[in-house]
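Just below is one structure, and these are the notes that go with it.
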Amino acid sequence: MQRFKTLQDMFKRYRRPGDLVFAVLFLAFALFLMLSLDDQTTWVKRTKTVSQPAFWPTVAVWVMLGFGLLHLIGSLVSPRISGRLTEVIFWLRSVEFAGWFMAYVLLVPRLGYLPSTIIFTVSLAFRLGYRRWQALLSAAGIGVLIVLIFKTFLQVKVPGGQIYEMLPGTLRAFMLTYF
């Protein structure tokens, strides 16, 4: 068990350089949610307050807004930490993977689930630095396994690819059903 000398030591926290940026973005998102509450939820007449469809979302957003404001105040009164831009750029690097996913989502209806998944897994493995043919072949195998589990065994409905329309009749039906 860790021992603290003072109460201040107990509540001391390590701040990251991007703390202020995160606090501002978090508060802005909470304000956006608060302003959207009326459009997204409803208050029903002659219903108990805690049974209202809008009650718990409203409570959650107001609490989020309160803690976001406290976080921003705490970040503003704390000493400035250098390296904020480096930290924010590090966060933005994750947006690349959202782009990869969006490309995958756009490819599936055109190429089909199986080819798109294989292309996606191999391309992502290559992007992550795997260059040996064994690693890339393993990524392709993982892609096939994903398709077998989701489309064939679990029968998740995934749109058939436009490329499947070029296949002969029975093969096209098989590919649309299982791959």
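Working from Cα pairs under 8 Å separated by at least six residues, relative contact order for the stretch 7-92 is 45 percent.
Phi-derived couplings, Karplus 6.51 cos²θ - 1.76 cosθ + 1.60 at θ = phi - 60°, listed residue by residue for the stretch 132-143: 5, 4, 5, 5, 5, 5, 5, 4, 5, x, 4, x Hz, with x used for Gly and Pro. Among the trypsin sites (Lys or Arg not before Pro) in the stretch 115-149, those located in a DSSP loop and surrounded by at most 11 other Cβ atoms within 10 Å of their own Cβ are Arg131, Arg132. For the options Met34, Met64, Met166, a Gaussian network treatment of the chain with springs between C-alpha atoms closer than 10 Å singles out Met166 as fluctuating the most. Please find the FRET efficiency linking Thr47 to Phe67, where r is the Cβ-Cβ separation and R0 is fixed at 35 Å, and quote it to the nearest 0.05. It comes out at approximately 0.80. In percent, what relative contact order does the stretch 95-178 have, based on Cα pairs under 8 Å that are 6 or more apart in sequence? The value is 34 percent. Backbone geometry of the stretch 84-96 corresponds, through the Karplus equation with coefficients 6.51, -1.76 and 1.60 at θ = phi - 60°, to 3J(HN,Hα) couplings of 4, 5, 4, 5, 5, 5, 4, 5, 5, 4, 5, 4, 4 Hz, x marking Gly and Pro. Ordering Val77, Gln162, Phe179 by the projection of their Cα atoms onto the charge dipole of the chain, which places +1 on the Cβ of Lys and Arg and -1 on the Cβ of Asp and Glu, puts Val77 at the extreme positive end.
Can you give the calculated 222 nm mean residue ellipticity of the chain, where each DSSP H run of n ≥ 4 adds -39,500 (n - 2.57) and the sum is split over every residue, rounded to the nearest 500 deg cm²/dmol?
Working: 8 runs with 115 residues, N = 179.
Value at 222 nm, helices only, nearest 500: -21000 deg cm²/dmol.
Each residue of the stretch 113-124 is assigned a 3J(HN,Hα), and the resulting list reads 5, 5, x, 5, 5, 5, 4, 4, 5, 5, 5, 5 Hz, derived from the Karplus form 6.51 cos²θ - 1.76 cosθ + 1.60 (θ = phi - 60°), x at Gly and Pro. With a point put 7 Å past each Cα toward its Cβ, work out how far Leu85 is from Val144 in nm, to one decimal. Going from the Leu85 label point to the Val144 one covers 4.9 nm.
If you place +1 on the Cβ of every Lys and Arg, -1 on the Cβ of every Asp and Glu, and leave all else neutral, what size is the dipole of the chain about its Cα centre, to the nearest 20 Debye?
Computed about the Cα centre, the dipole is about 500 debye.
Compute the relative contact order of the chain as a whole-number percentage, counting only Cα pairs closer than 8 Å that sit 6 or more residues apart in sequence.
Values: 142 pairs, mean separation 33.3, N = 179.
About 19 percent, as a whole number.
Only Cα sites of the chain enter the Debye sum here, all with the same form factor; the resulting log10 I(q)/I(0) across q = 0.14, 0.15 1/Å is -0.96, -0.97, listed in q order.
Every number in this text was worked out from the coordinates using simple rules, so none of it is lab data. On a predicted model such as this, the values are computed, not experimentally measured, just so you know. All Cβ positions, glycine included, derive from the backbone under ideal geometry; neighbour counts span all protein chains shown.
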